[in-house]
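Step one of this worksheet: look at the structure below.
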Amino acid sequence: MKRIISIAVVIVLTVSMVLSLGGCFKKNPFLGRWETEMDFTEVFNNSLGDKDAEAAKYLRLDEMEFKVIYTFNNDGTYKTEPDIEECNETINEVKTRLRKGMEEYLKAEAQKQGIAYMGIDEILSYSNTTMDELMETMYKEAKFENIVETLKCEGKYTVVGNKLSTTESLDQEIEDGGYELFEVIDDDEIKLTIPEDEVPDELIGVYPIILEKID
């Protein structure tokens, strides 16, 4: 009987130990594919204000979001890929909005000069340019052609506590990369943030990033 009791005690203790250890090996919440809408509206509007506050009143955007797919693999690597079709649609919508805003800005400036009767083409003729040429220059300065490429990334990642550490390439070591704080909302949603005092100016308005599970 004593031997049976001893065996029972050992089993209970072993099960208890296994259960307690199970809490130390938490499931990686990031594994799989996720999608998010990265919001660059504030970034764009802030950059406009820095260059020309008056023009920014007419060129401000209400929305500039890009869909990005995140893939976190079991081997500690990850990848981000933009939804190219939707990103291009967003860029085209932004270009249309900027052209309309620029026309409104030029008309307002013409009114200030007392030449409100002139059309856009006539106003621009004094600068030896056209609306198409002016907007093409603006698009190049905004680097719209590079946006999709900058949303592509492949690197390594680790999850420790509530910190997601990542690198920007597969050759880079984790300790040399950056990190984000995360909160698991549920199995299908994770919120990424950066401490407020560490958010660079070029990322103001981008966070928090909400990842929604695809599969």
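Side notes on the structure shown:
- The residues of the stretch 44-78 that are surrounded by fewer than 18 Cβ atoms within 10 Å (Cβ to Cβ) and under 11 Å from the mean Cα position of the chain (by Cα), listed by number, are E65, I69.
- Of the residues making up the stretch 122-131, those that are surrounded by fewer than 11 Cβ atoms within 10 Å (Cβ to Cβ) and assigned to a helix (DSSP H, G or I) number 0.
- The strands (runs of 3 or more DSSP E) found wholly in the stretch 141-215 and carrying at least 2 residues that are free of Cβ contacts under 8 Å to residues at least 40 places away in the same chain occupy 163-166, 178-186, 189-193.
- Qualifying residue in the stretch 173-191 (condition: closer than 23 Å to N45 by Cβ, surrounded by 14 or more Cβ atoms within 10 Å (Cβ to Cβ), touching a strand residue (DSSP E or B) at 6+ places or on another chain (Cβ under 8 Å) and not basic (K, R)): no
- Test result for Y157, under 25 Å from M38 (Cα atoms) and within 19 Å of the chain's Cα centre (by Cα): yes
- Single residue of the stretch 27-43 satisfying the filter (outside any helix (DSSP H, G or I) and aliphatic (A, V, I, L, M)) that is farthest from the chain's Cα centre (by Cα): L31
- Residues within the stretch 59-95 that are among the basic types (K, R) and part of a helix (DSSP H, G or I), tallied: 1
- Residue match in the stretch 29-40 (condition: among the aromatic types (F, W, Y) and modelled with pLDDT under 95): yes
- Every residue from the stretch 81-102 that is buried (at least 16 other Cβ atoms within 10 Å of the Cβ) and farther than 17 Å from F40 by Cα: R99, G101, M102
The values are calculated or read from the model by the stated rules, or taken from the named source; none is laboratory data. A quick note: this is a predicted structure, and the numbers were derived from the prediction, not measured. FYI the Cβ positions are ideal-geometry reconstructions off the backbone, even for glycines, and counts take in every protein chain you see.
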